[in-house]
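The next block holds one structure in the form of structure tokens; read it before the comments.
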């Protein structure tokens with residue numbers, strides 16, 4: 001499986017899609033006519049209309065921002081991801097929380113964490129993940145590309161400048177983080 005796919009820029013014009021949906025719902029045009037007139041694939045327009053019907057949104061009275069948010073949620077670009085949006089947010093929040101308590105995660109640990117998380121939530125993942133007991137490099141690259149706010153690096157040895165910053169304030173901040181974590185989740189002494 002190639003790691004880098006040619007970039008395909010697809011710009012979704014939500015205003016045009018909303019006009020097509022209104023054409024079907026309000027003016028009672030056929031889906032085919034509306035799709036042709038607004039240059040949208042017919043199956044995509046049918047999927048958008050089904051999303052509106054499933055959410056019980058009335059096109060005539062709904063707010064434009066609410067309708068655009070629903071369209072953005074039902075629009076999928078590219079390949080299917082392993083985790084849904086909520087699961088990826090949970091994974092990101094765990095990574096950021098681990099970073100806040102001075103436990104950075106390396107790229108290999110991220111891949112192992114993703115595998116364990118996928119097994120825990122029951123997500124369907126490729127078979128090679130079971131063989132290697134970790135996510136693939138392709139998944140890792142795509143995940144990091146989707147979430148540019150994350151920066152995972154291999155930990156380095158402590159430099160002299162960091163060693164000099166090992167002062168009372170920083171030690172107090174570390175132990176404040178430790179006590180907050182121990183307050184949330186009581187660990188046994190051998191697990192700290």
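The values are calculated or read from the model by the stated rules, or taken from the named source; none is laboratory data. This structure is a prediction, so every number in the text was calculated from the model and none was measured. Using ideal geometry, Cβ is built from the backbone for each residue, glycine included, and neighbour counts are taken over all protein chains shown.
Summary table
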| item | result |
| --- | --- |
| Elements of type helices (runs of 4 or more DSSP H) in the stretch 1-74, at least 1 residues being exposed (fewer than 11 other Cβ atoms within 10 Å of the Cβ) and at pLDDT below 80 | 64-74 |
| Selected residue (criterion: farthest from residue 152 (Cα to Cα)) from residues of the stretch 100-112 that are in contact with a helix residue (DSSP H, G or I) (Cβ under 6 Å, 6 or more places away or on another chain) and surrounded by 17 or more Cβ atoms within 10 Å (Cβ to Cβ) | 111 |
| Hits in the stretch 113-149 - residues which are exposed (fewer than 11 other Cβ atoms within 10 Å of the Cβ) and at positive phi | 122 |
| Among the candidates 123, 118, residue that is modelled with pLDDT of 90 or more and within 22 Å of the chain's Cα centre (by Cα) | 118 |
